[in-house]
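Trainee: Below is the structure I would like to discuss, written out as structure tokens.
Just so you know, all these numbers are worked out from the coordinates, no wet-lab data involved. Quick caveat: nothing in here was measured; it's all calculated off a predicted structure. Cβ atoms come from the backbone with ideal geometry, glycine included; neighbour counts cover every protein chain shown.
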Amino acid sequence: MRTALGILLLLVALAVGADEPNLLPNGDFKKGEDGWVLFQLGGADAREIDKDALHVAKAADSKDRPAMIWTDYALDPGQEGKLAFSIRAKGKKLGRTQIAFIVWDDAGNAVVEEKVLDDDLGAKWKTFERTIGIPGPSKGGRILVRLFEKGELWLADAGVRLVGVKAEPEPVPKGGLGLVNGGFDTSRQGWTTLSGSDDLELSVDRKQLRLSRGGHRLYPEQGVEQVVVPKGKVKSVVLTCRAHAEGATACVAILAESADGGLLGYARQEPSGDAKLPLDLPAGTKRLRVVLAIRGPGDAWFDDVRLE
């Protein structure tokens, strides 16, 4: 039981919106240098796009006035939530390098500057990530790289994504609590992939959601989820579905959460056939999270998911 609860808590904590769009205009460099500013690079310096990466060769030291490379993102007025920053980088005889993730206020002043690197970058690709809460009214921000010494730099796969955004509840269908597309008639619309589901393949097969995995990875359970905001006074719910697996284990769970995402209670099964999970909602429940997952290599199918 403790193991199951630990897995559930891990899945909830890692659900950070991997499917959200990238707020950067050209984070993958497929449009060349568009959206990126290269500042205080001298005439002897060189830059190019090398296999969807920005390659900069800096010819001389400039410790007092470092060269800078940046790209900006914009936020809608009043935007709340958190920002998930990421970028990959590597160097060659580069020396001191800074990489910073920046959030502005609504006047364009930097209120957060998180330096994720201030050292020698090294010759192997490294991924730098940080999740930062939007501290108040903000117009956007920047990913900024400072180069203090001569050498070569590569940047790739830059991203800024909104996570932890409170979404409006889906329209409530008759006879239910707002669960969308539990029959998987044509697609998996309404369901979001759990963060950490790196080797998970999803498809809709004969009006069933199919989860497939090829091997064991860091996160033992991978899958999809849907968040439901119940209307009115709801004291208890029942989650039902059909599920079966080949080679793996199918897992179904429903979690009761507070307004800030804290776990208040849950029910979980590993069904082979019909599943029925009743759950009395603890005081303070503001939303429900339905999780369909697979553990181990193999395939699992889910259908007729209902929440009443």
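Trainee: Distance in nm between label sites at ASP157 and ALA74, each 7 Å beyond Cα in the beta-carbon direction?
Mentor: Computed distance between label sites ASP157 and ALA74 equals 2.8 nm.
Trainee: Within the stretch 22-103, list the GluC sites (Glu not before Pro) lying in a DSSP loop whose Cβ has at most 15 other Cβ atoms in a 10 Å radius.
Mentor: In loop regions of the stretch 22-103 (DSSP not H, G, I, E or B), the sparsely surrounded GluC sites (Glu not before Pro) are GLU33, GLU80.
Trainee: Also, I was wondering about something else. Taking the Cα centre of the chain as origin, work out the dipole magnitude from +1 charges on Lys and Arg Cβ and -1 charges on Asp and Glu Cβ, in debye rounded to 20. Don't skip to the answer; put the middle values down first.
Mentor: On the way: 42 positive and 44 negative charges, 87 e Å.
That gives the chain a dipole magnitude of about 420 debye.
Trainee: Defining a contact as two alpha carbons under 8 Å apart and six or more residues distant in sequence, what relative contact order in percent does the chain show?
Mentor: Averaging sequence separation for qualifying contacts and normalising by length gives 18 percent for the chain.
Trainee: Here's something else I'd like to know. Mind checking the alpha-carbon convex hull of the chain and giving the volume per residue in Å³?
Mentor: Spelled out: Cα convex hull of the chain, divided by residues, is 156 Å³.
Trainee: Given a cut-off of 19 Å, name the pairs among LYS30/LYS93; LYS124/LYS150; LYS58/LYS90; LYS58/LYS93 whose C-alpha atoms lie farther apart than that in the structure shown.
Mentor: LYS30/LYS93
Trainee: Also, quick follow-up: Between ASP61 and ASP106, take the C-beta separation as r, use R0 = 41 Å, and let me know the FRET efficiency to the nearest 0.05. Show your work: numbers first, answer last.
Mentor: Numbers: r = 37 Å, r/R0 = 0.91.
Efficiency, rounded to the nearest 0.05: 0.65.
Trainee: Mind checking the stretch 71-137 for trypsin sites (Lys or Arg not before Pro) that DSSP puts in a loop (not H, G, I, E or B) and that have at most 13 other Cβ atoms within 10 Å? Can you show the working numbers first?
Mentor: Details: sites: LYS82, ARG88, LYS90, LYS92, LYS93, ARG96, LYS115, LYS124, LYS126, ARG130; in loops: LYS93, LYS124.
Answer in residue order: LYS93, LYS124.
Trainee: Take every Cα pair under 8 Å in the stretch 182-265 that's 6+ residues apart, average their separations, divide by the length, and report that relative contact order as a whole percent.
Mentor: Averaging sequence separation for qualifying contacts and normalising by length gives 22 percent for the stretch 182-265.
Trainee: Compute the distribution of all C-alpha to C-alpha distances in the stretch 182-308, in bins of 5 Å from 0, and list the percent of pairs in each, rounded to whole numbers.
Mentor: Pairs per bin, as whole percents: 2, 12, 22, 23, 19, 13, 7, 2, 0.
Trainee: With the alpha-carbon atoms as the only input, what is the per residue convex hull volume for the stretch 23-72 in Å³? Show your work: numbers first, answer last.
Mentor: Working: hull volume 3.8 nm³, N = 50.
Convex hull volume per residue, Cα atoms: 76 Å³.
Trainee: Still on this structure: Angle check, please: helix 2-14 long axis (alpha carbons) against the longest principal axis of the chain (alpha carbons), in degrees 0 to 90, nearest 10.
Mentor: Between the helix axis and the principal axis of the chain, the angle is about 50 degrees.
Trainee: Moving on to the next point. Straight-line reach from LYS139: which lysines fall under 16 Å, measuring Cα to Cα and dropping same-chain residues less than 8 apart?
Mentor: LYS82
Trainee: LYS139: net charge of surrounding residues, Cβ under 15 Å, Lys/Arg +1, Asp/Glu -1, itself excluded?
Mentor: On the way: positive: ARG142; negative: ASP72, ASP76, GLU80, ASP105, ASP106.
Neighbourhood net charge equals -4.
Trainee: Next question, about the same structure. Using just the Cα positions, wrap the stretch 48-111 in a convex hull and report its mean projected area in square nanometres, one decimal place.
Mentor: 6.4 nm²
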